[in-house]
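Asker: Below: one structure in structure tokens.
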Amino acid sequence: MRTKGGLWIAVFFLIIGLYGLIQSLTFGYWEAVALPAAVSGVMVLMATVEIGKELYSSGKGETTSGELKLRRDKREEIDFRRLGLVVGWVAAFMLCIYLFGFRISVPLYAFAYLKWRGRHWLIAAVFALVMLGFIYGAFEFGLKVSLFQGIVFGAR
Amino acid sequence: MKRILVTVALLLVLCLVLPAFGCDSESQPETAADFYKGKTINVIVNSSAGGSTDCIARVLGSYLERDTGASVVFTTRKGAGGLEGVNYVYTSEPDGLTLGAVSGLKFMLNKIMDEPAAVYELEEFSYLTEIGARLSHFMVAPDGPYQSVADLQAGEDMILGGGSPAGTVCLGSMSVIELLDLDAQVVTGIDEEADRALAVKRGEIVGYTAQIANTQTNIDSGLIEPMFVLGTERDPLMPDVPAITEIISIAGEDLELVELWEDVLVSSSLFVAPPGVPEDRLAFLHGLIAEWIQDEAFRAEIDLISGCEEESYNVGDAVAEKMLNLADDLEYFKDLFLEMIEKYRL
Amino acid sequence: MLEAYASALEILFQPVNLLVLLVAVISGLIIGVIPGLSGLIAIPLLLPFIFRMPQDVALILVIALPAVVVTGGSISAILLNVPGTGANAATCLDGYPMTQRGEGARAIGASVTSSMFGGVVPVFFALAMVPLVMPLILAFGQPEMAALVLLGIAFMGALTTGSVTKGILSGMLGLLLSFVGYQSITGIHRFSYGSTFLWDGFELIPVVMGLFGLSEMLYLAMRGRSSIVQGRLAARFSDVLEGAKDVWWHKWLWFRSAVIGYIIGVIPGIGAEIAIWVCYGQAKQTSKYPEKFGTGVVEGVIAPEAANNGKEAGALLTTMALGIPGSAVMVILLAAFMMVGVTPGPSMMEEHLPLALMLLLGIALANIVGGVICFLAAPLLARVASIHLDFIFTVVMIMILAGIIAATVSPLNFIVVLAFGLLGLLMKIYGYSRPALFLGFVLGAMFESYSLLSVKIYGSFFFARPIPLALFAVIIIVLALPYIRGAVSRIKRRSKGV
């Protein structure tokens, strides 16, 4: 087997393909069924081939062009801990915006993230205020785009 | 750690306090006019930026700002075929600060076709004004093989064009087939006006229904020309184009269908507020709109956008009455349209 | 004709008009740089004021601003891997790796020069093209459009080498995602379960932000990188000039891409995405070193940037000459024209020729001014990539989310951007092709619509027409070219006895 992660992502494609195929057959009109079913069918086929490669291949690093090439002597693995932390920050920021809006979340996130990363509190605070000013200057005053106010403050 | 907490707390306080400077004072406003001063009016537009409803809304918005002292912000919510915007306005706080600029045709058609995602009720909205009453015309190629109703009736296996099956263009085209008893079907899925006009010019479709003001540039480019009006009277924009009732004799249910297209399913820009807006604020807005309609500069700006020399206006109760009348007939027209879709969709 | 040109230049070079043009260009560049923003948000703001402006001032404002948005968008695509607009997505593939190598200034130089001339040169062919525009547009019916979109899809193959199955899987997933939502032909909802949020499918902005921008930020943060730049930073003016010279050394590539973009722009209904990916794909196919594409080759920046500016120029020609808007931005421009009493169409070119010329020359001038501004700012801008990732990550996250709200209004799209960000990250690590997914996503529903309409109108053999057959031949060549080149190089090696 090449990599566990590679296998799992191939399985993910297989599941999506199967789901697409089964769902598309329920659409009724042939116009609605044709292409989704065909595409899903190809996905199922290719995902099966890829799973086979992942399970039985010797493990030479393959990649597609258009991405950074993997070095053959060092497989890229996911640092789940680090990734979890970063995604946690992103998700927390999104949730904060949803709840409290940009006005509160932007400076709060900017300050808290930079402090967590070990920056001096003054730099973090100044940067947070600059970001708040930029967001309001560019979006609310410049483009008259109403930024989300947060459901706590009545936005929908 | 203490410093972090203090700074976060300070920032939070700032963020919570600052907005208060923009807030209203605690005391109740004396009049509707006082209420709007310094507030923000959010106009929800349920169609694409640059469309006639959007442009008209922005003109109205500039006059609103001038005469109310409020600042007007526009938000485009055109998702779900415009339903997102209408539903949003319908369920908004009825304080008079959220208004909707919606396409009148789609607004009504969604209820006629009993669209499950349309949570609003026609008779419950607060209506401000309806601008425009653009009739539907049947468009054909200027140099094509079908130049008259007789040509259409003699044609075989014809294909007319439309967008989505329950959309206005499609239903308009299907209505033409029904009224003229044509040997034709409607191909659905040609969503853009320009694409339909080009399809006519190429000979891919025989024609489709559209409003003059929405397709003037396609007419000027020689892609299409109107053959007749889907109505009982001629359109002032094109006085040489006959009404369908001048060409063939129409009575009974067919005449009701024609009158539906002429009186109700006209393309317009509708300005609405959520149900339950206080009467005094509604009356204030109605009064402003009535004043603007008397203003030549305002009318000139609207006419320029709509392409009409003399745009038509309905204010307040007149619009509400129209919607109430339509609400009574929804079921009948829904069955009729569903039958046509089943019969004429290619 | 000469008199008309002279009159046009006289109007354009009035001090007030030049000032307005400068303000519009700077605004357009800033809007382009901020992800998620585009002319669609900025131009409508101007509409109520247009009535009260002199006609030429109003028109210069609405023409100049969107003309440079994609130029500004290339900056964030190159420096941060966050495309400023959907039309800059292809620029990320090679522009960003160049930045990582410390060659961001060179990439910006190449991009800006390519954009500038891509937006200027076609303008001078515009008048000659006017009699050809209508026949060209009329020649492209449903079958021809289906074949053209299929050509775009075929370039998925050009975007993926090495693992064919992974490339196909990526593209197929993109196609499947494009089918989510309301299908206009049947009136039914697919894969959306009655949700109004998914009624129109996934929106383009959150998908492209997540797939390219967020995934890259997650990757860098996960790897603990301290900055985007991994090599020595070369951010002097001479490095920017180096990029400009690259456009000269690849002038035929630039010309080909600008022409392809221009022709695609003239035909309404074909988005910028086809233009940029077709041009990126043909740049790779015709390159001596196709395997290096995606690792930071300057041709991968020149081709799509020439195409997206050429496309804007073509769309404008169709809008002005025929009154047929070629894109959502053109719809707004059309409205602006009408509001100042100018009706685009054949009559405009006949009765208001000086005005039409002024607008065309205005676009050219806007592209030049925008190019010069970006050129001068490039050394400073390129240094952004060397700022510590802590700050970059913060800024990019805020800009992505604010841009998504500005473009789509709905905070539910945060979930979409996060989901595509994670998907993009996994695809990057395990060797799947994000460009192929994106291309499938953009083109899938379009191809379905044109091909179904073709079947309904023309029957099952709708493709038996000259243009579709010619395009199919091109598709076969595109797909076969890598194998042909491989075979030729093997034969050459054998004949040399290697």
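Asker: Is it true that some residue in segment B:120-143 is more than 26 Å from B:Ala57 (Cα to Cα), within 14 Å of chain C (Cβ to nearest Cβ) and touching a strand residue (DSSP E or B) at 6+ places or on another chain (Cβ under 7 Å)?
Answerer: Within segment B:120-143 (the criterion being more than 26 Å from B:Ala57 (Cα to Cα), within 14 Å of chain C (Cβ to nearest Cβ) and touching a strand residue (DSSP E or B) at 6+ places or on another chain (Cβ under 7 Å)), the answer is yes, since at least one residue qualifies.
Asker: Taking helices (runs of 4 or more DSSP H) that do not extend beyond segment C:322-433, which have at least 3 residues that are more than 11 Å from every other protein chain (Cβ to nearest Cβ), closer than 25 Å to C:Gly269 by Cβ and not polar (S, T, N, Q)?
Answerer: In segment C:322-433, C:353-382 are the helices (runs of 4 or more DSSP H) which contain 3 or more residues that are more than 11 Å from every other protein chain (Cβ to nearest Cβ), closer than 25 Å to C:Gly269 by Cβ and not polar (S, T, N, Q).
Asker: Now a separate question. For the structure I just gave you, tell me whether C:Ser454 is of a type in the set (S, T, N, Q), crowded, with 17+ Cβ neighbours inside 10 Å and either closer than 20 Å to A:Met43 by Cα or facing chain A (nearest Cβ under 9 Å) (or both).
Answerer: no
Asker: Here is a follow-up. Name the one entry in C:Ser451, C:Ser460 that is more than 22 Å from C:Ile34 (Cβ to Cβ), assigned to a helix (DSSP H, G or I) and among the polar types (S, T, N, Q).
Answerer: One residue alone meets the criteria, C:Ser451.
Asker: Would you point out which residue out of A:Gly88, A:Gly118, A:Gly84, A:Gly133 is more than 7 Å from every other protein chain (Cβ to nearest Cβ) and either under 30 Å from C:Leu46 (Cβ atoms) or among the charged types (D, E, K, R) (or both)?
Answerer: Exactly one residue qualifies, and that residue is A:Gly133.
Asker: Are there helices (runs of 4 or more DSSP H) fully within segment C:53-127 with at least 2 residues that are over 15 Å from the mean Cα position of the chain (by Cα) and either within 14 Å of chain A (Cβ to nearest Cβ) or surrounded by fewer than 24 Cβ atoms within 10 Å (Cβ to Cβ) (or both)? List them.
Answerer: So the answer is C:55-67, C:89-100.
Asker: Go through (1) touching a residue at least 40 places away in the same chain (Cβ under 8 Å); (2) more than 14 Å from chain B (Cβ to nearest Cβ); (3) in a helix (DSSP H, G or I) for C:Ile228 and report which single condition fails.
Answerer: For C:Ile228, the exception is condition (3).
Asker: Follow-up question, since we're still on this one. When segment A:91-115 is examined, which residues are found to be within 7 Å of another protein chain (Cβ to nearest Cβ), in contact (Cβ under 8 Å) with a residue 12 or more places away in the chain and under 22 Å from C:Asn413 (Cα atoms)?
Answerer: Passing the criteria: A:Phe93, A:Ile97, A:Tyr98, A:Phe102, A:Arg103, A:Ile104, A:Val106, A:Pro107, A:Leu108, A:Ala110.
Asker: Condition first: within 14 Å of chain C (Cβ to nearest Cβ), at pLDDT 85 or above and part of a helix (DSSP H, G or I). Now tell me which residues in segment B:294-321 satisfy that.
Answerer: Answer for segment B:294-321, where residues must be within 14 Å of chain C (Cβ to nearest Cβ), at pLDDT 85 or above and part of a helix (DSSP H, G or I): B:Glu296, B:Ala297, B:Phe298, B:Arg299, B:Ala300, B:Glu301, B:Ile302.
Asker: Kindly indicate whether B:Glu262 is more than 14 Å from chain C (Cβ to nearest Cβ), touching a residue at least 24 places away in the same chain (Cβ under 8 Å) and either in contact with a helix residue (DSSP H, G or I) (Cβ under 8 Å, 6 or more places away or on another chain) or aliphatic (A, V, I, L, M) (or both).
Answerer: In short, no.
Asker: What are the residues in segment C:242-264 that are crowded, with 17+ Cβ neighbours inside 10 Å, out of contact with any Pro (no Cβ under 9 Å at 6 or more places or on another chain) and part of a helix (DSSP H, G or I), if any?
Answerer: C:Glu242, C:Gly243, C:Ala244, C:Asp246, C:Val247, C:Leu253, C:Trp254, C:Arg256, C:Ile260, C:Ile263, C:Ile264
Asker: Just to be sure I understand the filter: pairs with C-beta atoms under 7 Å, separated by 6 or more residues or on different chains, first member in segment C:288-302 and closer than 17 Å to C:Lys428 by Cα, second member crowded, with 21+ Cβ neighbours inside 10 Å and among the aliphatic types (A, V, I, L, M). Which pairs pass?
Answerer: From residues that are closer than 17 Å to C:Lys428 by Cα, the pairs are C:Gly294/C:Leu93; C:Gly296/C:Met98.
Asker: Also, quick follow-up: Can you pull out the residues in segment C:370-383 that are more than 23 Å from the chain's Cα centre (by Cα) and either crowded, with 20+ Cβ neighbours inside 10 Å or of a type in the set (D, E, K, R) (or both)?
Answerer: Within segment C:370-383, just C:Arg383 meets the criteria.
Asker: Residues of segment A:113-128 being within 14 Å of C:Phe391 (Cβ to Cβ) and hydrophobic (A, V, I, L, M, F, W, C), which ones?
Answerer: Result: A:Leu114, A:Trp116, A:Ile123, A:Ala124, A:Ala125, A:Val126, A:Phe127, A:Ala128.
Here's the yes/no breakdown for (1) crowded, with 21+ Cβ neighbours inside 10 Å; (2) of a type in the set (Asp, Glu); (3) in a helix (DSSP H, G or I); (4) out of contact with any Asp or Glu (no Cβ under 7 Å at 6 or more places or on another chain):
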| position | (1), (2), (3), (4) |
| --- | --- |
| B:Thr245 | yes, no, yes, yes |
| B:Val272 | yes, no, no, yes |
| B:Met323 | yes, no, yes, no |
| B:Leu326 | no, no, yes, yes |
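Asker: Applying the selection to segment B:161-212, what residues are away from every other protein chain (no Cβ under 11 Å), part of a strand (DSSP E or B) and closer than 20 Å to B:Leu109 by Cα?
Answerer: B:Tyr208, B:Thr209, B:Ala210, B:Gln211
The values are calculated or read from the model by the stated rules, or taken from the named source; none is laboratory data. Worth saying up front: this structure is predicted, and the values here are computed from it rather than measured. FYI the Cβ positions are ideal-geometry reconstructions off the backbone, even for glycines, and counts take in every protein chain you see.
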